[in-house]
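Q: Shown below is the structure under consideration.
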Amino acid sequence: MTESAQLTGVVPPLVTPLTPSYDVDTASLARLIEYQLTGGVDGVFVLGTSGEGTFLTDDQRQTVLETTVAAVAGQVPVLAGVIDTSTNRVASHISTALKAGVDGLVATAPFYAATHPAEIERHFKQLSARADGLPLYAYDIPPRVGTKLPASLVTSLGEQGVIAGVKDSSGQETSLRELVLQRREKKLNGFAVMTGSEVTVDSALAFGVDGVVPGLGNVDPSGYVRLFKSAVAGDASAAREEQDRLFRLFDIIHVADRSRMGASSAALGAFKAGLYLLGVIDCPLTAYPSIALNDTEIAAVRPLLDRAGLH
């Protein structure tokens, strides 16, 4: 992906398959990438929220990057999450990602410490300076970061050439629409706006987003590709029908007993369980401190896969 190429289409945030001893399962990761490429995705995003990037060691992160770049072999862009608490720590991850040969970088605002928009702006400017010309994308996920990226700041960073786009996982559709409107008004051609929602993709594409980064895309990449292609072709009925099917498939995140685990473990565990049942990965374990789904919960994913036509 060249610096001027706009990110678009379906770019799933890949899970990181683990072995029973909690090492990165490189063979399963390679199969997952092949599953995505066969499904027709437009790119892959590793070491994001679904990829458990912040739970992995630096050595494990490097293994994921090197395995992904080798398996993709230039067929689609590889975006690397460089997510950490501070600017200097993120800059270190950028260095590792550059050496691995990725095509783009994805960073959140700093977190843990309370930050001001002026500090967030300094953060992204410094990261951009370290990116060696690769496109840098902002990742807006306030439930995890504790800060909502204002649309005005995001578009200002775009105007300055600091970031090439944004992945909006805020869950705030009005904010996402405001971002699309500001991009249009400021004539930010080439600035990518991607939604992180699994369940409102058809409506977001209708009002102008460029694509989707869906965690559920791990399990059904071809479904999101069909949805995107239908929307781009102007077939709203087909897009809605595909979105409705994926909406029902997203029920897999509810199979886990939430009295014993958090929402993140339930969702990520369901994605990994689905891939395990489909034979794509060898083990459905999630990284510490997440609690993995048990056998009963994994079995409950199967009928939802069947209902969605996944076998």
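Values in this text are rule-based calculations from the coordinates and carry no lab data. Quick caveat: nothing in here was measured; it's all calculated off a predicted structure. Cβ coordinates were reconstructed from backbone atoms using ideal geometry, including for glycine residues, and neighbour counts include every protein chain displayed.
Q: All but one of (1) within 23 Å of residue 209 (Cβ to Cβ); (2) loosely packed, with under 15 Cβ neighbours inside 10 Å; (3) basic (Lys, Arg) hold for residue 148, so report the exception by its number.
A: With respect to (1) within 23 Å of residue 209 (Cβ to Cβ); (2) loosely packed, with under 15 Cβ neighbours inside 10 Å; (3) basic (Lys, Arg), residue 148 is out only on (2).
Q: Could you tell me which numbered condition residue 224 fails, if it satisfies all but one of (1) of a type outside the set (Val, Ile, Thr); (2) closer than 23 Å to residue 43 by Cα; (3) touching a Phe, Trp or Tyr at 6+ places or on another chain (Cβ under 8 Å)?
A: Among (1) of a type outside the set (Val, Ile, Thr); (2) closer than 23 Å to residue 43 by Cα; (3) touching a Phe, Trp or Tyr at 6+ places or on another chain (Cβ under 8 Å), residue 224 violates only (3).
Q: Now, a different point. Residues that are of a type in the set (D, E, K, R) and touching a residue at least 60 places away in the same chain (Cβ under 8 Å): does the range 187-208 have at least one?
A: no
Q: Within the range 263-311, can you find the residues that are touching a helix residue (DSSP H, G or I) at 6+ places or on another chain (Cβ under 7 Å), polar (S, T, N, Q) and either surrounded by 20 or more Cβ atoms within 10 Å (Cβ to Cβ) or without any contact (Cβ under 8 Å) to a residue 60 or more places away in the chain (or both)?
A: Passing the criteria: only 286.
Q: Shifting gears a bit: Looking at the range 138-246, what helices (runs of 4 or more DSSP H) fall wholly within it and have at least 1 residues that are touching a helix residue (DSSP H, G or I) at 6+ places or on another chain (Cβ under 8 Å)?
A: Where helices (runs of 4 or more DSSP H) fall fully within the range 138-246 and carry at least 1 residues being touching a helix residue (DSSP H, G or I) at 6+ places or on another chain (Cβ under 8 Å), they are 151-159, 173-185, 201-206, 221-232.
Q: Taking the range 39-65 as the search range and keeping residues that are outside any loop (DSSP other than H, G, I, E, B), in contact (Cβ under 8 Å) with a residue 12 or more places away in the chain and out of contact with any strand residue (DSSP E or B) (no Cβ under 7 Å at 6 or more places or on another chain), which one is farthest from residue 229 (Cα to Cα)?
A: 58
Q: Taking the stated definitions as given, is residue 240 of a type in the set (D, E, K, R), touching a residue at least 24 places away in the same chain (Cβ under 8 Å) and closer than 26 Å to residue 42 by Cβ?
A: So residue 240 fits the description; yes.
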